[in-house]
Amino acid sequence: MALKLFNTLTRSVQEFAPLAATGKHVGMYCCGPTVYDFAHIGNWRTFVFADLVRRTLEFSGYDVKHVMNITDVEDKIIKRVRENKTTLREFTGKFETAFLEDLEKLNCKKPTATPRATEHIKQIIELIEKLIARGVAYKAADGSVYFSIEKYRGCGCCYGQLLKLNLDEMRAGERVASDEYEKESVADFALWKARVPDDGDVFWPSPFGDGRPGWHIECSAMSIKALGETFDLHLGGEDLKFPHHEDEIAQSEGATGKPFVKFWLHGAHLLVEGKKMSKSLGNFFTLRDLLAKDFTGREVRYLLLTAHYRETFNFTLDGLAGAKSALARIKECLEKLVEFLDPNLPHTTVAPDVEIINQFKAALEDDLNISKAWGVIFGWIRDLNRSMSQKDFTSNQAAIAIGTWKTLDLIMGLNFEIKVPARLKENTVEMQGIAPFTGFAAKVEGEESVPHEIQSLVVARMQAKKAKDFKRADAIRDELKAKGWVIEDTAKGPKLKKV
Ligand SMILES: [Zn+2]
């Protein structure tokens, strides 16, 4: 089965295929934090979602370049810098560091690149110059440069690709200078904002005069620089669809004449205790607020990962308490498994439970059906607990189960520490050298690890046997033999030997 995702651009679930000719490399951009405060739990839902998408792609064997920008200059930041009587770098640096610390606490993989807007002023200016040269941007009387929606549409381009906009109701010549505005006020938006006294020291020289970039152009410039003029995936919270993402498309396609992004993925809103989060309602939480209430990053991550990314999620403190007990169930099972490991057993070749991994993978490939994926995990844990209560549960079964968990956790990212007896470390922990594509690790006694291609064949043969397709299983055995590997079926699972 191939990975399917809901593409906002086509409003449908589509099979994912990367643009790269290698079929392996994927470029993914997620709009990052605006570093003017600590990120709140609604923001974190988006970043944990981006982490899930990345891990799922990696699990499917893709090599992901994950870019997440740091918005370190825009309207809200400048206002705070002024209020705090500080410098831009000093102010944003503090919140950028805090953001990256929190990202780590939530076990999110660090993006491959985290470019800052203020370090891309050159690229931003070049992009604006291109838009002016193409006749879709103009300098207004206030000295700022605006994007002309009318001219853009006049070139046959489509404004309103992510959501339907009633452009005919637009009043010609209307302009908007602020970074955020409502759908009803769709209008020419600022690419470069001329310097005003309130900006203080925050400005850069440009061919259009001193000023600073608009928020939307920052993302176009940084994503194109990092991933090229056309790339695979662009993610963000659904509140960014308009105007931010719509404007990103217009600027990028207006400048390059090429399609900007193949797949747009949007994470849904988050409510807290059933209401829109707001400081006045007392339901506004940063990650730090929750840690101060003795919850852990792992618990918050788990809770955020229990809902499908396209569903509005109601985040509650009771839900977090529930997360605590769900995680305790997993942890307890893993600890029991470790007790079953016999440190005196000889080295054996073990493979994670292919059936469980395939069920889990199939759930995620179905537009990230996370509840189904958790269902597979908790069903498997229930079965394991039942098996462990019977007398004949073996050390080998425990090793297989631990390897299975490590494979599943490549996506869930709960990172429980599993304390395996020292002598067994080589046998079991090395199973982490799992080829993510197959979710399988085989190790030959006393030899280096098995090539990826061979592992895939072993898995394919196990699947064929499970499906009682013995003809295919035999054919694969012959293929392995031709490649110099002999497979032997034992009570403990298939064993490989090099001829
Ligand atoms: Zn953005």
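So what's Rg/Rh here for segment 1-130, counting alpha carbon atoms and using the Kirkwood radius for Rh?
Radius of gyration over Kirkwood radius for segment 1-130 works out to 1.03.
For the chain, what does the helix formula give at 222 nm: sum of -39500 (n - 2.57) over DSSP H segments with n ≥ 4, over the residue count, nearest 500 deg cm²/dmol? Let's see the in-between values first.
Details: 16 runs with 209 residues, N = 499.
Here the helix-only value at 222 nm equals -13500 deg cm²/dmol.
What pairs from K105/K258; K4/K122; K4/K293; K109/K419 go past 27 Å between their alpha carbons? Don't skip to the answer; put the middle values down first.
On the way: K105/K258 38 Å; K4/K122 37 Å; K4/K293 38 Å; K109/K419 23 Å.
From K105/K258; K4/K122; K4/K293; K109/K419, over 27 Å: K105/K258; K4/K122; K4/K293.
May I ask you to list the lysines whose Cα is less than 25 Å away from that of K481, ignoring any residue fewer than eight positions away on the same chain?
Hits, sequence-local ones excluded: K443, K465, K466, K468, K471, K492, K495, K497, K498.
Which links in K65/K225; K276/K372; K241/K372 stretch past 19 Å when you go from one Cα to the other? Mind dumping the intermediate values first?
Numbers: K65/K225 13 Å; K276/K372 27 Å; K241/K372 27 Å.
As for pairs spanning more than 19 Å Cα to Cα, those are K276/K372; K241/K372.
Considering only protein heavy atoms and a 1.4 Å probe, what is the carbon-and-sulfur percentage of the accessible area of segment 74-179?
Working: 2820 of 5780 Å².
After summing per-atom areas, the C and S share lands at 49 percent.
Angle between the Cα long axis of helix 121-133 and the longest principal axis of the chain, 0 to 90 degrees, nearest 10?
60 degrees
Restricting to DSSP loop positions (anything but H, G, I, E, B) with no more than 11 other Cβ atoms inside 10 Å of their own Cβ, which trypsin sites (Lys or Arg not before Pro) remain in segment 64-157? Write out the running numbers ahead of the final one.
Numbers: sites: K65, K76, K79, R80, R82, K85, R89, K94, K105, K109, R116, K122, K130, R134, K139, K151, R153; in loops: K85, K109, R134.
Counting only loop positions with at most 11 other Cβ atoms within 10 Å, the trypsin sites (Lys or Arg not before Pro) in segment 64-157 are K85.
Say each of A328 and S389 gets a label point 7 Å from the Cα, pointing the same way as Cα to Cβ; how far apart are those two points in nm?
1.8 nm
Given DSSP loops and a limit of at most 10 other Cβ atoms within 10 Å, what is the longest stretch of the chain that contains no such GluC sites (Glu not before Pro)? Before the final figure, lay out each step's value.
Numbers: sites that count: E182, E417, E447, E448.
That gives 183-416 as the longest site-free run.
When every alpha-carbon pair in the chain is counted, what percent end up more than 36 Å apart? Display every interim value, and only then the final one.
Details: 49775 of 124251 pairs.
Cα-Cα pairs in the chain separated by more than 36 Å: 40 percent.
Express the carbon and sulfur contribution to the solvent-accessible surface of segment 318-400 as a percent, rounded to the nearest whole number, probe 1.4 angstrom. Write out the running numbers ahead of the final one.
Working: 1880 of 3780 Å².
That fraction is 50 percent.
Please give the Cα centre distance for segment 77-116 versus segment 249-268, rounded to the nearest Å.
The two parts, judged by their Cα centres, are 26 Å apart.
Helix 246-256 sits at what angle to the longest principal axis of the chain, using alpha carbons and giving 0 to 90 degrees rounded to 10?
Helix 246-256 sits roughly 80 degrees off the main axis of the chain.
Report in % the part of the accessible area of segment 228-306 that belongs to carbon and sulfur, leaving out ligands and nucleic acids; probe 1.4 Å. Could you put the intermediate results ahead of the total?
Details: 1390 of 2780 Å².
Accessible surface attributable to carbon and sulfur in segment 228-306 totals 50 percent.
For segment 106-262, go through all pairs of different Cα atoms, get the mean of 1/r, take its inverse, and jot down that Kirkwood value in Å. Working shown, then result.
On the way: mean 1/r = 0.0621 Å⁻¹.
After inverting the mean inverse Cα-Cα distance, the result is 16.1 Å.
Quick check for you: with a 1.4 Å probe and neighbouring chains kept, what is the accessible area per residue of the chain, in Å²? The partial results should precede the final answer.
Numbers: 22300 Å² over 499 residues.
Result: 45 Å² of accessible area for each residue.
Would you mind counting up the charge near P111? Only other residues with Cβ under 11 Å from its Cβ, with Lys and Arg at +1 and Asp and Glu at -1. Display every interim value, and only then the final one.
Details: positive: R54, K65, K109, K110; negative: D51.
Around P111, the surrounding residues sum to +3.
Tell me the trypsin sites (Lys or Arg not before Pro) within segment 164-271 that lie in a loop according to DSSP and have at most 13 other beta-carbon atoms within 10 Å.
Here the sparse-neighbourhood loop sites are K164, R171.
Taking just the alpha carbons, could you work out the radius of gyration and Dmax for segment 188-338, both in angstroms?
Here Rg and the maximum Cα pair distance are 21.3, 67 Å.
Provide the net charge surrounding D366, with neighbours chosen by a C-beta distance below 14 Å and charges set as Lys +1, Arg +1, Asp -1, Glu -1.
+1
Nearest 10 degrees, 0 to 90: what angle lies between the long axis of helix 452-466 and the longest principal axis of the chain (Cα atoms)?
The angle comes out near 60 degrees.
The values are calculated or read from the model by the stated rules, or taken from the named source; none is laboratory data. All values derive from a computational prediction rather than experimental measurement. When we count neighbours, we look across all protein chains shown, and the Cβ atoms used for this are built from the backbone with ideal geometry, even at glycine. We work out accessible area using only protein heavy atoms, side chains counted, and drop any ligands, DNA or RNA first. Shrake-Rupley method; radii C 1.70, N 1.55, O 1.52, S 1.80 Å.
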